[in-house]
Each structure stands twice: as structure tokens, then as C-alpha cells.
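Student: Dumping the structure here so I can ask a few things about it.
Please treat every number below as a calculation from the coordinates, not as lab data. All of these numbers come straight from a predicted model, not from anything done at the bench. Neighbour counts run over all protein chains shown; Cβ positions are idealised from the backbone, glycine included.
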Amino acid sequence: MLDQLALEGGTPVRSVPLPYGRHWISEEDIAAVVDTLRSDWLTTGPQVTELEKAFASAVGVSHAVAVSSGTAALHVAISAIGIQSGDEVIVPTMTFAASANCVAYRAGIPVFADVDSKTLLLTPAEAEKHITSRTRAILAVDYAGAPCDYVGLRALARKYDLVLLADGCHSLGGATRAGAVGSLADLTAFSLHPVKSITAGEGGIITTKDPDLARKMRIFRNHGMTTDFREREQTGQWQSQMVELGFNYRITDLQCALALSQLRRLPEFLARRRIIAQHYDTAFANISWLSPLSIPEDVEHAYHLYVVRLHLDQWKVSRDQVLRALRAEGIGANVHYWPVHLHPYYQQTYSAAKYPVAESAANEILSLPIFPKMLDTDIKDVLLALEKVFRHLGCHC
Ligand SMILES: *Cc1c(COP(=O)(O)O)cnc(C)c1O
């Protein structure tokens, strides 16, 4: 039947499903990887150094350390600042689990904080509520790609003598008046996973202005050894010494060649993400059944995600049913995130904790498709599918 929901046997809006996020690999990207395959280095070679230099300069700091994933980047950052057993790190609960796991890897205690109801970001006021004598750091998350209030967070960190860390996995290319994401905290971790701003297949990178932290991170990513293979070759030193318990978090030259090529395309990627977001903003300006998240003033958003909140009083069904209906229409909507403290692993410790803002948002949010290669016709499909689903599942009173 015409206009029946795909969920109920109707024709879907799209026959080829649209994902919520996707990489975009160009011929230049491919050529860069192939060149590296023909070179002398497959891992830890010149492409790693080149990527680190280009990345540091792109965000306006002096040091960047490339590693094997965003999760490794967070672990390396937490280790470089010496988090150890019993140390507390404040982490917003509205994030990907890795933001908290990195603290737990060190036997530290992730202390969850609730988020602002309009932006779903950690605020200085929320963070301050959780500071104790054991707090060592605040790990802010630029949820969806909107930079947090780093001026406020920095002042708070200074007041209590804490380290300020940023999980910038969503916000590469974002900025505030104070500068680019990557230069706003003591350490910022980024991911190079295919759905993120730029990709290396898998990969991560940490930026800092502090040479001492950069040196510590290079040791930690390489088994805790003081020199890597190339440095040994340069200095003629044959022996490497393990000075601490590190990991093999090295990233390959192949991956860095890809990331370097992608980094050149970042401005183009960001511009496209912002245009798609504008299309959505315009389409949603005058409807009552959902609204986009608020954006903090004076920030440049990187739009890793485009998150809307369903106004459930205008719907006959739950967010999960709306999500299911959209997916049946071929629209790869998603939920970012189920709050970390609600995952079974963290419930063992946090079953009594309540974070009302994140918990209620968790049942209302939807991430709509947004990625640089998305076409205008794809945007239209998302809007058509949303209207169709609302026609069937919304209240019309
Ligand atoms: C993607 C992501 C990570 C982890 O990055 P990986 O490269 O997948 O390990 C960490 N934090 C946030 C907020 C992320 O979105």
C-alpha cells in the first residue's frame, strides 16, 4: 500500500540503506598508502613523524603522538599523567565507554558526572560537584563534536590543581574562541576510526603543548621502552631499556600515510558536515515533535554526530520504535549513547548512582546520518522518512 510504513510491509523510502556515518577514501588517499607499501617502512617510519607534525600544527600545538586507536590514545594520556590505583577522574556519563574505561585500565576510579540538559556536555558546575580529595583529573568529552567550555573547565582545574584532559574523538576541526580543539586541554585524545572526522582505518592521536608528556607517551606506546627502533638506529645504540610497563600501541606507516592524506581533506570534510547540519537545522526549525541539541555559544562545531531529541509527548511510541521504523525505511539512525554508568559492567559499582539528565536523554536521542560524502538527495531521504514515520507514529492532536 502507498505510504505504508516499511516496518509494516510498505515500500521503504530507500532501497539502499544510508549509514549514520561513513569514511570517504579518495584516489589520492589510496596512492599515499600504495606509495608507503613500496617504501622501506611498514610501521613506525617517516609517515608517523609526518602525521604527528602535520596534526600538531593543524590544531596549534607543538606535540602530537600517534597510536593504534582512540582508545589507546585515551589510555596513553591517562597513563602519561600518572593516574594510578584509587585516583579519581571525572568523566561525563553521556559518552562512549572508552572515555571511562581508560581510567579503569589504570585501576583508577571513573567518577561519572551528569551533563547539561540542552547540550549534553559536561559543564564546570557539574564537574565541580564531584571533586574530592582523590580527584586527579577531569576528562571532558566534546559530545557530538561541540567543544566543551574549556575556559571554565581550565579555571576549575587550576582551582583544585587537577589535570584537564579532553576526549576529542568527536571534535577534530572544532574550535572555541580560545583556539582549536586539541589545544584547549593539557592533553587531547582523537580517534582515526572510519566514522570519525578523518580516518586511518584504525588509529588515534594525542596532542599536547608539554614536551615532557609527549616523551612519556612515546615511551608508553612502545612497551615502556626508552627508544624506538629508528632512534636506536640513529644513535647507534643497540640496547633499548624498558623503564615502565607500557603497551604495543604503535600505529603503522600505512595507516599514517592514509591519515596524512585525509588530514589535507579535513577542511572540505568539515565544510560538508556543516552544510548538512544547516539543512537539518532549517528543516527542524518549525516542527514540534523533535529538536536538535542546543549548541554552545561561540563554538565551531565539528558535527561528528547530528543528534536530535524526540519530544515523546508528541509521539505514540518510544524512541526505540521510531528508530526501528526509520531503519526499516533505510535510514541508519543510531543512538549515542547509552550512558556509561548504565552498562552492566559499571552497574556492578554504580547501581545506586543517578544521572537524571543523561538517563532521560538516553531515551529521547537519535543520531541522524551525517558524513561528508552524503548527498543532498540523501538528506531529503532522511527528512522524508522522518515525516513518514511521524505521520504514522506521531500524535496528531
Ligand atoms: C570513537 C570514540 C572513542 C574510541 O576510539 P577508537 O578509535 O574506536 O578506539 C573514544 N571516545 C569517544 C567519545 C569516541 O567517539
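Student: Mind checking which of S318, M374, T208 is farthest towards the positive end of the chain's charge dipole, using Cβ charges of +1 (Lys, Arg) and -1 (Asp, Glu) about the Cα centre?
Tutor: S318
Student: Along the stretch 311-320, what does the Karplus equation 6.51 cos²θ - 1.76 cosθ + 1.60 (θ = phi - 60°) give for ³J(HN,Hα), rounded to whole Hz, x for Gly and Pro?
Tutor: 8, 5, 5, 9, 10, 8, 10, 7, 4, 4
Student: Whose amide H sits under 5 Å from the amide H of G45, counting only residues 5 or more places off or on another chain, with H placed in the peptide plane?
Tutor: D253
Student: Continuing with the same structure: Antiparallel as a % of all DSSP beta bridges within the chain, to the nearest 5?
Tutor: 60
Student: Across the stretch 348-397, what fraction of all alpha-carbon pairs, as a whole percent, falls in each successive 5 Å bin from zero upward?
Tutor: Computed distribution, short to long bins: 4, 14, 14, 16, 15, 13, 10, 9, 6, 1.
Student: Based on Cβ point charges of +1 for Lys and Arg and -1 for Asp and Glu, what charge dipole magnitude is obtained for the chain about its Cα centre, in debye rounded to the nearest 20?
Tutor: The dipole magnitude comes to about 240 debye.
Student: Would you grab the residues whose amide H sits under 5 Å from the one on V163? Only those 5+ places off in sequence or on another chain, please, with H modelled 1.01 Å from N.
Tutor: Hits under the 5 Å cutoff: A137, I138.
Student: Which residues' amide hydrogens lie under 5 Å from the amide hydrogen of F112, considering only partners 5 or more residues apart or on another chain, with H built in the peptide plane?
Tutor: Under 5 Å from the amide H of F112: V91.
Student: Another question about this same structure. Could you list M225, M242 in order of exposure, starting from the residue whose Cβ has the fewest other Cβ atoms within 10 Å?
Tutor: Going from sparsest to densest Cβ surroundings: M242, M225.
Student: In which sequence would D281, D320 go, from the one with the fewest C-beta neighbours within 10 Å to the one with the most?
Tutor: Fewest-to-most Cβ neighbours within 10 Å comes out as D320, D281.
Student: If contacts are Cα pairs under 8 angstrom and at least 6 residues apart, what is the relative contact order of the chain in percent?
Tutor: Relative contact order, the chain: 24 percent.
Student: Could you run the Karplus curve 6.51 cos²θ - 1.76 cosθ + 1.60 with θ = phi - 60° over the stretch 122-137 and give me ³J(HN,Hα) per residue in whole Hz, x for Gly and Pro?
Tutor: Working through the residues one at a time gives 5, 10, x, 5, 5, 4, 4, 4, 9, 6, 10, 5, 9, 5, 10, 8 Hz.
Student: Ok, one more. For the chain, what is the mean residue ellipticity at 222 nm derived from helices alone (per DSSP H run of n ≥ 4: -39500 (n - 2.57); sum divided by total residues; nearest 500 deg cm²/dmol)?
Tutor: Taken over the chain, the calculation gives -11500 deg cm²/dmol.
Student: Still on this structure, please answer the following. Per the Kirkwood definition applied to all pairs of different Cα atoms, how many angstroms is the hydrodynamic radius of the stretch 27-264?
Tutor: When all Cα pairs of the stretch 27-264 are included, the Kirkwood radius is 17.9 Å.
Student: Further question: Report the residue, chosen from P344, P147, P356, that carries the largest GNM mean-square fluctuation when the chain is represented by alpha-carbon nodes joined by springs under 10 Å.
Tutor: Among P344, P147, P356, the largest mean-square fluctuation in the Gaussian network model of the chain belongs to P344.
Student: Turning to a different aspect of this structure: Between the stretch 304-362 and the stretch 1-59, how far is it from one alpha carbon centroid to the other, in angstrom?
Tutor: Taking the Cα centre of each part, the stretch 304-362 and the stretch 1-59 sit 26 Å apart.
Student: Another question about this same structure. Give a residue-ordered list of calculated ³J(HN,Hα) values for the stretch 17-28 (Karplus: 6.51 cos²θ - 1.76 cosθ + 1.60, θ = phi - 60°; whole Hz; x for Gly, Pro).
Tutor: My calculation for the stretch 17-28 gives x, 9, x, 7, x, 6, 6, 9, 9, 9, 4, 5 Hz in order.
Student: I need L384, L254 ordered by Cβ neighbour count within 10 Å, fewest first.
Tutor: Listing L384, L254 from fewest to most nearby Cβ atoms yields L384, L254.
Student: Output the 0 to 90 degree angle, nearest 10, between the alpha-carbon long axis of helix 46-59 and the longest principal axis computed from the alpha carbons of the chain.
Tutor: The answer is roughly 60 degrees.
Student: Moving to a separate point now. Give the whole-number value, in cubic angstrom per residue, of the convex hull volume spanned by the C-alpha atoms of the chain.
Tutor: It comes to 144 Å³ per residue, whole-number rounded.
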